[in-house]
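J.: If you scroll down you'll find the structure; I have some questions about it.
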Amino acid sequence: MKKAALLGCGVVGGGVAAIMQDNAAFLEKSVGEPVELKYILEMRDCSGEPWADRVIRDFALIESDPEISVVAECIGGVTVAYDFVRRSLLAGKSVVTCNKQLIAEKGLELLGIAKEKGLFLLFEASVGGGIPLLRPLTNCLSANRIDDIYGIVNGTTNYILTQMIECGQDFSDALREAQRLGYAEADPTADVDGLDAMRKICILADLCFGSNVPPERVPTEGIRGVTGEDALLADRLGYAIKLLAYARRVEGEGERFTAFVAPHLVKKGTLLASVSGVMNAVVVHGNAVGECLFYGAGAGRMPTASAMVADIIDTMRRGDGRKFIDWGEEQPERFADPESLPSRWYVRYQNGCAGDAMENCVSENGVCGGITARPMTLAELREAFGATEILSRFRVLD
Ligand code: HSE
């Protein structure tokens, strides 16, 4: 019998408990012996829940119980969760987590402890929810130099943008609905301001480029600046607006790379533009494999819990056959400023003259929107517009 403990039984934790109960026979078959969820650490009143008999409030019980081989963390954040994950590893227990903030901010340290102790720290659910992404990236694509990795990694903002574009819903109604459906973080600013996507691209860049990317290094722009007018003008230009998390190798010396999060215009008719609602999609370019697209449910109770329970199974099934995924210390000199990356830009501007910088301009109530005729850096874009006020500008994904 293998025994696990769950920290936090909210939206995702509740899904983990449900899968472990409902799919107990599958788990037993996969692991080769029965799997029991022995403790659920939860501070809420859980009387009435089917798993109420396992609820405890004292983490020390888990920490000191030699029967517990795996701890699944669903608390979120980096205060209590960090303390409990660290203590679990130090107590000789493998950990699985869906906590992207924890991995983005503390992953290097925690992976170091796991490695030293010969334990697993797995976090498949932290990026892309239920989509198999980190394992394919680190296993199936390990023969490749990764040149680009980008995509839609936040279900809440994609849901909000989709509702705004396709249903004309306003921002706050769409956000409320996303929260009701359990997609949004408890504090929705993490979604709306791009922080959640930024933490996910940090993890992807860590894995793809091998050096720690601290969150504060990654320029992050959320969707608050996307207006209904932008959605309309972009649509008339033949594009959808998507919040993309982007990391790419930068040509030149020293194996440099960059990462950032920002709204982009994505050509309608492409696979990425058709990713709607809470779905996520991540494009990976490897120098041998070419382009791969990973698509699926990127948020929500059961998809995220599905990836977490798979990690639990993996730690139990592989026992001492250790397989580490990790990355090295930060190498600041390798991180290129994304502002210097040239791209074509969508610009919305008031009447004025944009010289010959733009093509395909359309206008609506005195406001113009267009795409720059050629790729340029942000500084070049500002120079091309001179005194003409830029109301909004987003990169175009070419
Ligand atoms: N709030 C996140 C999202 C949850 O909307 O994608 C999954 O990480």
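Each reported figure results from applying straightforward, stated rules to the coordinates on display, with no laboratory input. Computed from a prediction, not measured in an experiment: that's the story for all the values here. Virtual Cβ from ideal backbone geometry, glycine too; neighbours counted across all protein chains shown.
J.: Send over the semi-axes of the stretch 203-245's equivalent ellipsoid, whole angstrom and largest first, taken as the square roots of 5 times the C-alpha gyration tensor eigenvalues.
T.: On the way: eigenvalues 191, 31, 6 Å².
Working from the Cα gyration tensor, I get semi-axes of 31, 12, 5 Å.
J.: Given the Cα-Cα distance of Lys267 and Glu166 and 0.36 nm per residue of separation, how much length would full extension add, in nm?
T.: Taking 0.36 nm per residue and subtracting the Cα distance, the gain is 34.8 nm.
J.: Now, a different point. Could you list Ser306, Ser340 in order of exposure, starting from the residue whose Cβ has the fewest other Cβ atoms within 10 Å?
T.: With the sparsest Cβ surroundings first, the list reads Ser340, Ser306.
J.: Of the listed pairs Lys29/Lys100; Lys38/Lys100; Lys93/Lys242; Lys38/Lys200; Lys2/Lys117; Lys106/Lys267, which have alpha-carbon separations greater than 28 Å here?
T.: With Cα atoms farther than 28 Å apart: Lys29/Lys100; Lys93/Lys242; Lys38/Lys200; Lys106/Lys267.
J.: In addition: Indicate, rounded to the nearest 5 percent, the antiparallel portion of the DSSP beta bridges found entirely in the stretch 29-161.
T.: Looking only at bridges with both residues in the stretch 29-161, the antiparallel portion is about 0 percent.
J.: Just how far, in whole angstrom, is the stretch 193-229 from the stretch 67-120 if you go by their alpha carbon centroids?
T.: One Cα centre to the other: 22 Å.
J.: Follow-up question, since we're still on this one. Could you pull out every residue, at least 5 positions away or on a different chain, whose amide H is within less than 5 Å of the one on Glu73? Hs are placed 1.01 Å off N in the peptide plane, and Pro or chain starts have none.
T.: Leu7, Val96, Thr97, Cys98
J.: At R0 = 45 Å, how high is the FRET efficiency between Glu253 and Ile113 if r is their beta carbon distance? Nearest 0.05 is fine.
T.: 0.85
J.: In Å, what Kirkwood hydrodynamic radius results for the chain from the alpha-carbon pair distances? Provide the component values of the computation, followed by the final result.
T.: Details: mean 1/r = 0.0451 Å⁻¹.
Kirkwood hydrodynamic radius for the chain: 22.2 Å.
J.: Can you tell me how much longer the chain between Glu329 and Leu341 gets when fully stretched, taken as 0.36 nm per residue apart minus their C-alpha distance, in nm with one decimal?
T.: 1.9 nm
J.: Sticking with this structure for a sec: When a/c is below 1.5 the answer is rounded, else prolate if a/b is larger than b/c, else oblate, so apply that to the stretch 85-131 with a ≥ b ≥ c taken from the square roots of the Cα gyration tensor eigenvalues. Please report the intermediate quantities before stating the final value.
T.: Details: a/c = 2.30, a/b = 1.74, b/c = 1.32.
Because a/c hits 1.5 or more and a/b exceeds b/c, the stretch 85-131 counts as prolate.
J.: Find the relative contact order for the chain and round it to a whole percent, using C-alpha pairs within less than 8 Å whose residues are 6+ positions apart.
T.: Values: 836 pairs, mean separation 72.0, N = 398.
Worked out over the chain, it gives 18 percent.
J.: In what order do Val96, Val284 fall by count of nearby beta-carbon atoms within 10 Å, going from fewest to most?
T.: Exposure proxy ranking, most exposed first: Val284, Val96.
J.: A further question on this structure: Once amide H atoms are built 1.01 Å from N in the peptide plane, which residues 5 or more positions from Ser392, or in another chain, come under 5 Å H to H?
T.: So Ser392 has HN proximity to Arg348.
J.: Sticking with this one: Taking the Cβ-Cβ separation of Asn23 and Ala60 as r and a Förster radius of 41 Å, what is the calculated FRET efficiency to the nearest 0.05?
T.: The pair Asn23/Ala60 has a calculated efficiency of 0.85.
J.: Could you please rank Tyr295, Tyr346, placing first whichever residue has the fewest other Cβ atoms within 10 Å of its Cβ?
T.: On the way: Tyr295 18, Tyr346 24.
Fewest-to-most ranking of Tyr295, Tyr346: Tyr295, Tyr346.
J.: Further question on the same structure: Could you pull out which residues in the stretch 159-187 have an amide N less than 18 Å from a spot 7 Å beyond the Cα of Glu229, following the Cα-Cβ vector?
T.: Under 18 Å, as judged by backbone N against the label point of Glu229, lie 165, 170-171 of the stretch 159-187.
J.: Starting from the Cα-Cα distance between Asp398 and Glu67, subtract it from 0.36 nm times their residue separation and give me the gain in nm to one decimal.
T.: Length difference between fully extended and current span is 113.9 nm.
J.: Same structure, new question: With unit charges on the beta carbons (Lys and Arg positive, Asp and Glu negative) and the dipole taken about the Cα centre of the chain, which residue among Gly118, Val213, Val282 sits farthest to the positive side?
T.: Of the candidates, Gly118 comes out farthest on the positive side.
J.: Now for a different question. Looking at the chain as a GNM with Cα springs under 10 Å, which of Glu339, Glu63, Glu73 has the largest mean-square fluctuation?
T.: Residue with maximal mean-square fluctuation among Glu339, Glu63, Glu73: Glu339.
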